[in-house]
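Contents: one structure, followed by commentary.
Readers should treat all values here as calculations from the given coordinates under stated rules, not as data from a laboratory. If you're wondering where the values come from, they're calculated on a predicted model, not measured in any experiment. With ideal geometry, Cβ positions are generated from the backbone for all residues, glycine too; neighbour counts draw on all protein chains shown.
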Amino acid sequence: MREQLNKIRERAEAQLASLENMQELEDLRVQMLGKKGEITSILKQMGSLSAEERPKMGQLANEVRQNIEQLIKEKGQLLKQAEQQARLNAETLDVTLPGEAHAIGHKHPLSIVLDEVKDIFIGMGFQIATGPEVEWDYYNFEALNLPPDHPARDTQDTFYITEKMLLRTQTSPVQIRVMEKQAPPIRIIAPGRVYRSDAVDATHSPYFHQIEGLVVDEGITMGDLKGNLMQFAKRLYGDNTQLRFRPHHFPFTEPSCEVDVTCFKCGGKGCPMCKGEGWVEILGGGMVHPKVLQNGGVDAEKYSGYAFGIGLERLTMFRFNIDDMRLLFENDIRFLDQF
Ligand code: DAH
């Protein structure tokens, strides 16, 4: 029995030296010390020993058991340390590695310019108004002094949803919607998308953007229109910018004008950008027609107003020297990355 015990101890030591993980260690513990383990089965044989031998063997068996227990405990600690070390090695974080660059988007050129325009007008006391892109014929045409047979409708053919409902061709209908809701004084700009059944080319698109302006108050004159637009142009294109007002016709303003700015590329000398003119057209405007004021529920005897409509694409193309409008809508990253 003594020999058996010593063998068990030797075997335990040899196995301990070669095992590599906690599971193997646990298996060994069960095999040696468990209820059906080798030491236990030896202890069960004690009954067959003489009364003299029994205590001696009992002591030896206990020693061997304690010995093995101790060895298992020590091995356990070693294994735990090794496992922790392995985990630390695997989880090493090298803070000096170069970071992963994430491409961050930025504003579209149209949005860049629109935000500047908004800032300028907000700085002059204007508020931002909006209206629907699917609009009634009434707001888009009739209330703006364009009855069903008016020839000016021809230049603004659009997409009809029903006979009376269409995709708006201009942001001017927002004028009527604002006047219906709000009594003077009114000072708004209304940016938004508009639609026309135009074929796509370098200067035309079936959808584009306008920025409508409307000011209604007592005693508003053409002088206010000129002064405010002058201020706007200088803020957007620089202090040396000049404006030129040309007589024009719009059904919803009287008198009406088209407004040019000095070409910011050549400063007015004439270049390919302004086709040698020295001027580029950026907006239409005028004094709000009394009928239009009345259609908006405003007393045209008491109040007067001015209005204008700016083309955002033109503004943006001049601003960034873009020669083809299609580039603004194709969403080619190689183009958009340049702004
Ligand atoms: N709505 C006009 C257009 O699309 C632009 C315009 C001209 C707007 C004169 C106005 C204005 O408010 O007074 O051509």
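Between the helical axis of 22-33 and the longest alpha-carbon principal axis of the chain there is an angle of about 30 degrees.
Using the Stokes-Einstein relation with a Kirkwood hydrodynamic radius computed over Cα pairs, the translational diffusion coefficient of the range 49-148 at 37 °C and a viscosity of 0.692 mPa s comes to 136 µm²/s.
By the Cβ-Cβ criterion of under 4.7 Å, the unpaired cysteines of the chain are CYS257.
Name the shape class, rounded, prolate or oblate, that the alpha-carbon gyration tensor gives for the range 194-320, where a ≥ b ≥ c are the square roots of its eigenvalues, rounded holds for a/c under 1.5, and otherwise prolate holds if a/b is larger than b/c and oblate otherwise. In terms of gyration-tensor shape, oblate.
Between LEU336 and ASP299, the distance separating the two model label sites (each 7 Å from Cα on the Cα→Cβ line) works out to 5.1 nm.
Taking the Cα atoms only, what angle lies between the long axis of helix 222-237 and the longest principal axis of the chain, rounded to 10 degrees? Computed tilt is about 40 degrees.
Taking amide H as placed 1.01 Å from N in the peptide plane, SER256 has its amide H under 5 Å from the amide H of HIS248, PHE250, each at least 5 places away in sequence or on another chain.
Each Lys or Arg adds one and each Asp or Glu takes one away; over the other residues whose Cβ falls under 14 Å from the Cβ of GLU20, this sums to -2.
Phi angles of the range 333-338 translate, via the Karplus equation with coefficients 6.51, -1.76, 1.60 and θ = phi - 60°, into HN-Hα couplings of 4, 5, 7, 5, 4, 7 Hz per residue; Gly and Pro are given as x.
As a calculated quantity, the FRET efficiency between ALA103 and ASN67 at R0 = 51 Å, using C-beta atoms, amounts to about 0.20.
Among CYS263, CYS271, which comes first, second and so on when ranked by fewest other beta-carbon atoms within 10 Å?
CYS271, CYS263
Can you sort MET179, MET46 so the residue with the fewest Cβ neighbours within 10 Å comes first? Numbers along the way, then the final one.
Working: MET179 25, MET46 14.
Listing MET179, MET46 from fewest to most nearby Cβ atoms yields MET46, MET179.
The long axis of helix 2-18 is offset from the longest Cα principal axis of the chain by roughly 20 degrees.
Counting pairs of alpha carbon atoms under 8 Å apart in space and at least six apart in sequence, what relative contact order in percent does the chain give? Before the final figure, lay out each step's value.
Details: 503 pairs, mean separation 48.2, N = 339.
This gives 14 percent for the chain.
Over the range 1-51, Cα pairs under 8 Å with separation of 6+ residues give a relative contact order of 30 percent. The GluC sites (Glu not before Pro) found in the range 292-339 that occupy coil by DSSP, while having at most 11 further C-beta atoms within 10 Å, are GLU301. The charge dipole of the range 109-336, taken about its Cα centre with unit charges on the Cβ atoms of Lys, Arg (+1), Asp and Glu (-1) only, comes to about 560 debye. Considering only PRO272, LEU5, GLN156, and ranking their Cα positions along the charge dipole of the chain that arises from unit charges at the beta-carbon of Lys, Arg, Asp and Glu, the one farthest toward the positive end is LEU5. Restricting the range 287-321 to trypsin sites (Lys or Arg not before Pro) that sit in a DSSP loop and have at most 16 other Cβ atoms within 10 Å of their own Cβ leaves LYS302.
Label-to-label distance, GLU74 versus GLU91, with points set 7 angstrom from Cα along the beta-carbon direction: 2.9 nm.
If you average the sequence gap of Cα pairs under 8 Å that are 6 or more apart and divide by the length of the range 2-90, what percent do you get for the contact order? After rounding, I find 37 percent.
Using Cβ counts within 10 Å as a stand-in for footprinting exposure, how do HIS289, HIS249 rank, fewest first? Least crowded to most crowded, the residues run HIS249, HIS289. Checking the a/c ratio against 1.5 first, then a/b against b/c, what shape does the Cα gyration tensor give for the range 2-90? Cα axes put the range 2-90 in the prolate bin.
Loop-located GluC sites (Glu not before Pro) across the range 1-84 with a Cβ neighbour count of 13 or fewer within 10 Å are GLU20, GLU52, with loop assigned by DSSP. Karplus-derived 3J(HN,Hα) values for the range 107-114, using 6.51 cos²θ - 1.76 cosθ + 1.60 with θ = phi - 60°, are 5, 5, x, 4, 5, 4, 5, 4 Hz; glycine and proline are entered as x.
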